[in-house]
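First up is the structure itself, then whatever we jot down about it.
Nothing in this text is a laboratory measurement; each read-out follows from the coordinates by a stated rule. Owing to the predicted nature of the structure, the values given are computational and were not obtained by experimental measurement. Note: ideal-geometry Cβ built from the backbone for every residue, glycine included; neighbour counts use all protein chains shown.
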Amino acid sequence: MKQYDAIVIGSGQAGGPLAKKLALAGKKTALIEKRWVGGTCVNDGCTPTKTMVASAKMAYMAANAASLGVNIKKFSVDMPQIRKRKDEMVHQFRNGSQKGLESTRNLDLIFGDATFTADKTILVKLNSGREKEFTADLFFINTGAKTVTPDIEGLADIDYLTSTTILDLETVPEHLLIIGGNYIGLEFGQMFMRFGSKVTILERSDRIVSREDEDISEELTQILKTEGINIYTKATTTGFKKKISGKISALVSVDGKEEKIKCTHVLVAVGRSPQTATLGLDKTGVEIDEHGAIRTNYKLETSAPGVYALGDVKGGPAFTHISYNDYTIVYRNLMEKADLSIKDRLVPYCMFTDPQLGRIGLSETEAKKRGINYKVAKIPNTWVARAIETGDTRGFMKAIVDADTKQILGAAILGAEGGEIMSILQMAMAGGITYEEIRYFVFAHPLFAESLNNLFMALED
Ligand SMILES: Cc1cc2nc3c(=O)[nH]c(=O)nc-3n(C[C@H](O)[C@H](O)[C@H](O)COP(=O)(O)OP(=O)(O)OC[C@H]3O[C@@H](n4cnc5c(N)ncnc54)[C@H](O)[C@@H]3O)c2cc1C
């Protein structure tokens, strides 16, 4: 059995950089990865999707160029080329990270599937076919999450797509049916609509992105419908049948009424669950919750001393930047004797529909629920000079502020570059800059950011 100072399981957004830093700090470290270096983000999450979203945006701009006085007579979408560009980007990111890890002294990158067999001991089924046991004083679990497959009759008999397999399509689906109207479903829906598919989205709740405020769901629904996407809410898919023609028939209950929808492809986008089932966590005393997520405290320590969990596997907000931040917290606490915690950490995120939805802090619904004395600042993007000039006035800017302290509590920026504008407000929140200060702040004209003056002017004092 080989002994290490530290073993990291999973080379996601926390695992890779953590293993490298521990090794460079002098700890003999092993990083175990069953698939590819970089995890979901690099291989089948952020990198490939945002690369393809860029192609979809280009198609949209070409289709709408005439509105800005530029006539593009004819254009076509080259799916194999889009896939090739995406693959090149993924390989470049993945290979760059792998080389960096392989050339790190004190670090062994081991490709295989790890399972705990006893306290602080793992068995790795190496990708080469052999098995090896390892032990260490410290363990870091960064095994991420995987697609949830719903229990729908007939689903197993159709060749359904997941957020991973859809990335490798060589042709544009004629009619793509998407189960799930959340971030992943909406990003893919708009992307394939722009590539030329007919797209239908089925959402079980009474509105898409149901965790956001109602006005966001409404505006987004309007934007996506205007572009031609069919959206059904209160829609439960009850079965699938494959036709002799090769087409698929979906049986859907929409607000209690049975409907049959014919399509050519089905994308399942109903969520992701932590990858803990095969980790043998009971063998090392690591507790999980009812969703299979590893329970941790605010310092990301699990119930087993010396075993940490980072990223999606611990449940909660599932984003690349959160996993990466988990690594910096764990590393600095352990190696630099810091006293950092994830409690009260700001969790920004951006949905990469076009326009983007940039979100930070409290929503209006949450502020109301907490009984806070809040005010809402909101302006449509038709008031934003930059939006008017660039020809994209879809969406709005919205911020929730504390009526007493004048601090910004949260923001939702639905609009062009919404993620970047949200980040400005995030900095203000972190630095304690009040909305009154931003109201009179000098921003360069005519940036989107300049409209933050107007956003807070809209608040009655
Ligand atoms: C389609 C899609 C788009 C997304 N877009 C965004 C976005 O725009 N922005 C954003 O912030 N987030 C996005 N996300 C979410 C983001 O990808 C994840 O939150 C992030 O990758 C989580 O990182 P992680 O470090 O927790 O785990 P992961 O990156 O998932 O890494 C876990 C690694 O552990 C390995 N592993 C698992 N079990 C074992 C085992 N037993 N032994 C050895 N290795 C194992 C896996 O193979 C994997 O490589 C997206 C996700 C998807 C699916």
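In whole Hz, what ³J(HN,Hα) sequence does region 48-61 give by Karplus (6.51, -1.76, 1.60; θ = phi - 60°), x for Gly and Pro?
Once rounded to whole Hz, the list reads x, 5, 6, 5, 6, 4, 5, 5, 5, 5, 4, 5, 5, 5.
For region 133-190, run through the GluC sites (Glu not before Pro) and keep only the ones in DSSP coil with at most 10 other Cβ atoms within 10 Å of their Cβ. Write out the running numbers ahead of the final one.
Values: sites: Glu133, Glu153, Glu170, Glu174, Glu187; in loops: Glu170, Glu174.
For GluC sites (Glu not before Pro) across region 133-190 that sit outside H, G, I, E and B with at most 10 neighbouring Cβ atoms in 10 Å, the list reads Glu170.
Would you grab the residues whose amide H sits under 5 Å from the one on Ala458? Only those 5+ places off in sequence or on another chain, please, with H modelled 1.01 Å from N.
Amide H neighbours of Ala458, under 5 Å, 5+ apart: none.
Using the crude model of +1 on Lys and Arg Cβ and -1 on Asp and Glu Cβ, and no other charge, please compute the dipole size for the chain relative to its Cα centre, in debye to 20. Display every interim value, and only then the final one.
Numbers: 57 positive and 57 negative charges, 237 e Å.
Dipole of the chain, to the nearest 20 debye: 1140 debye.
Report the FRET efficiency, 1/(1 + (r/R0)^6), for Thr390 and Val442, where r is their Cβ-Cβ distance and R0 is 25 Å, rounded to 0.05. Don't skip to the answer; put the middle values down first.
Values: r = 22 Å, r/R0 = 0.87.
Efficiency, from the Cβ-Cβ distance: 0.70.
Which far-off residues, 5 or more places away or on another chain, put their amide H under 5 Å from the one on Val307, with H placed in the peptide plane?
Counting only residues 5 or more places away or on other chains, the set is Phe139, Thr302.
Quick one: what are the phi-derived ³J(HN,Hα) couplings along region 214-222, Karplus 6.51/-1.76/1.60 with θ = phi - 60°, whole Hz, x for glycine and proline?
Result, rounded to whole Hz: 4, 5, 6, 4, 4, 5, 5, 4, 4.
Over 22 Å between Cα atoms, which of Lys50/Lys262; Lys27/Lys299; Lys369/Lys406; Lys120/Lys299 qualify? Each step should come with its number before you reach the end.
Values: Lys50/Lys262 29 Å; Lys27/Lys299 20 Å; Lys369/Lys406 19 Å; Lys120/Lys299 19 Å.
Among Lys50/Lys262; Lys27/Lys299; Lys369/Lys406; Lys120/Lys299, the Cα-Cα distance tops 22 Å for Lys50/Lys262.
Please give the length that would be gained between Asp151 and Met427 if that part of the chain were fully extended, namely 0.36 nm times their separation in residues minus their C-alpha to C-alpha distance (nm, one decimal).
Working: separation 276, 0.36 × 276 = 99.36 nm, distance 4.27 nm.
Between Asp151 and Met427, full extension yields 95.1 nm more.
Per residue of region 36-47, in order, report the coupling 6.51 cos²θ - 1.76 cosθ + 1.60 (Karplus, θ = phi - 60°) as ³J(HN,Hα) in whole Hz, putting x for Gly and Pro.
Working through the residues one at a time gives 10, 5, x, x, 5, 3, 6, 8, 9, x, 4, 4 Hz.
Give the residue from Ile421, Thr115, Asn182 lying farthest towards the positive end of the charge dipole for the chain; charges sit on Cβ (+1 for Lys and Arg, -1 for Asp and Glu) and the dipole is referred to the Cα centre.
With unit charges placed on the Cβ atoms, the residue in question is Thr115.
Taking amide H positions as placed in the peptide plane 1.01 Å from N, state which residues far from Ile231 in sequence (5 or more) or on other chains have amide H under 5 Å from it.
Excluding prolines and chain starts, which carry no amide H, the hits are Ile201.
Between Glu450 and Lys260, what is the label-to-label distance in nm when each label sits 7 Å out along the Cα-to-Cβ direction?
It works out to 5.7 nm between the two label points.
Compute the longest continuous run of the chain that contains no exposed trypsin sites (Lys or Arg not before Pro); treat a site as exposed when its DSSP state is not H, G, I, E or B and it has at most 10 other Cβ atoms within 10 Å. Mind showing how you got there, number by number?
Working: sites that count: Lys73, Lys74, Arg105, Arg130, Lys243, Lys337, Lys343, Arg370.
No qualifying site falls inside 131-242, the longest such stretch.
Just to be sure I understand: if I project the alpha-carbon convex hull of region 355-457 onto a plane and average over all orientations, what area do I get in nm²?
5.7
When the helix-only estimate is applied to the chain (DSSP H runs of n ≥ 4, each -39,500 (n - 2.57), divided by the residue count), what is the mean residue ellipticity at 222 nm, nearest 500 deg cm²/dmol? Before the final figure, lay out the partial values.
Numbers: 12 runs with 139 residues, N = 461.
It lands at -9500 deg cm²/dmol.
Let me know the Kirkwood hydrodynamic radius for the chain, please, with Cα pairs as the basis and the value in Å to one decimal. Numbers along the way, then the final one.
Numbers: mean 1/r = 0.0414 Å⁻¹.
Computed over the chain, the radius equals 24.1 Å.
Over the chain, what relative contact order in percent results from Cα pairs under 8 Å that are six or more residues apart? Intermediate values should be presented prior to the final figure.
On the way: 960 pairs, mean separation 60.7, N = 461.
Computed value for the chain: 13 percent relative contact order.
Given the chain, what percent of its DSSP beta bridges are antiparallel, to the nearest 5? Could you put the intermediate results ahead of the total?
Details: 52 of 85 bridges.
Rounded to the nearest five, the antiparallel share is 60 percent.
With an 8 Å Cα cut-off and a minimum separation of 6 or more residues, compute the relative contact order for region 183-328 in percent. Can you show the working numbers first?
Values: 198 pairs, mean separation 18.7, N = 146.
Value for region 183-328: 13 percent.
How far, in nm, would the chain grow between Lys99 and Glu170 when pulled straight, counting 0.36 nm per residue and subtracting the alpha carbon separation?
Working: separation 71, 0.36 × 71 = 25.56 nm, distance 2.94 nm.
Additional length available on full extension: 22.6 nm.
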